[in-house]
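First the structure, in the form of structure tokens, and then the observations on it.
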Amino acid sequence: MSDISISELIDLASEDIEDAEEKVTQTFEWYYDRTTMTIKGTIGASASLIVALAISYFKQEFKVSEKELLIPLFFSILTASFGFYKMFQLSKITKQYIATIKLLSDLKKIRPFLSLYRSILNQD
């Protein structure tokens with residue numbers, strides 16, 4: 001999920017901020033861009049390492065035993081797994097975005113209550 005907490009949404013809804021939905025959308029776009037770059041980087045690095053290992057093993061220009069190939073192969077598979085895990089997390093972003101926009105809209109409806117509640121909290 002993006003880095004927006006419910007308390008931050010309450011802050012956003014209780015203040016009179018123009019285009020609050022646009023700001024939330026921009027935050028989700030930033031999250032999406034960062035996550036896709038992570039996915040591309042991890043899967044790309046993993047694929048290039050696997051290709052390099054395969055070439056060195058089948059070409060046999062270097063004397064590399066099968067045992068020596070297992071450690072880098074394990075780390076490349078682990079790196080690819082992290083990329084696929086982030087891809088799975090990213091598939092849920094649409095639901096999170098819609099829920100966040102709906103919650104922000106609902107919080108804007110109770111803006112007077114939120115302002116009153118904040119003023120009571122700040123008095124103590």
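The values are calculated or read from the model by the stated rules, or taken from the named source; none is laboratory data. It should be emphasised that the depicted structure is a prediction, and the values quoted were computed from it without experimental measurement. Cβ sites come from the backbone with ideal geometry, for glycine too, and all protein chains shown count toward neighbours. Please note that ligands, DNA and RNA were not included when accessible areas were found on the heavy atoms of the full protein model with its side chains. Shrake-Rupley method; radii C 1.70, N 1.55, O 1.52, S 1.80 Å.
So which residues in segment 53-67 are of a type outside the set (A, V, I, L, M, F, W, C) and either open to solvent by less than 100 Å² (accessible area, probe 1.4 Å) or within 34 Å of the chain's Cα centre (by Cα) (or both), if there are any at all?
Scanning segment 53-67 gives S56, Y57, S65.
How many residues does segment 41-95 hold that are among the β-branched types (V, I, T) and within 30 Å of F28 (Cα to Cα)?
Adding up the residues that qualify gives 6.
Can you tell me which residue in segment 28-50 is farthest from I77 (Cα to Cα), limited to those that are open to solvent by less than 40 Å² (accessible area, probe 1.4 Å) and touching a Ser or Thr at 6+ places or on another chain (Cβ under 6 Å)?
Restricting to residues being open to solvent by less than 40 Å² (accessible area, probe 1.4 Å) and touching a Ser or Thr at 6+ places or on another chain (Cβ under 6 Å), the top hit is F28.
Quick check on I17: is it within 25 Å of I110 (Cα to Cα) and hydrophobic (A, V, I, L, M, F, W, C)?
yes
Give me the residue from segment 80-101 that is at pLDDT below 95 and among the polar types (S, T, N, Q) and, out of that set, least open to solvent (accessible area, probe 1.4 Å).
T100
For I39, only one of the following conditions fails: (1) among the aliphatic types (A, V, I, L, M); (2) more than 30 Å from I4 (Cα to Cα); (3) touching a Leu at 6+ places or on another chain (Cβ under 9 Å). What is its number?
Checking I39 against (1) among the aliphatic types (A, V, I, L, M); (2) more than 30 Å from I4 (Cα to Cα); (3) touching a Leu at 6+ places or on another chain (Cβ under 9 Å), the one that fails is (2).
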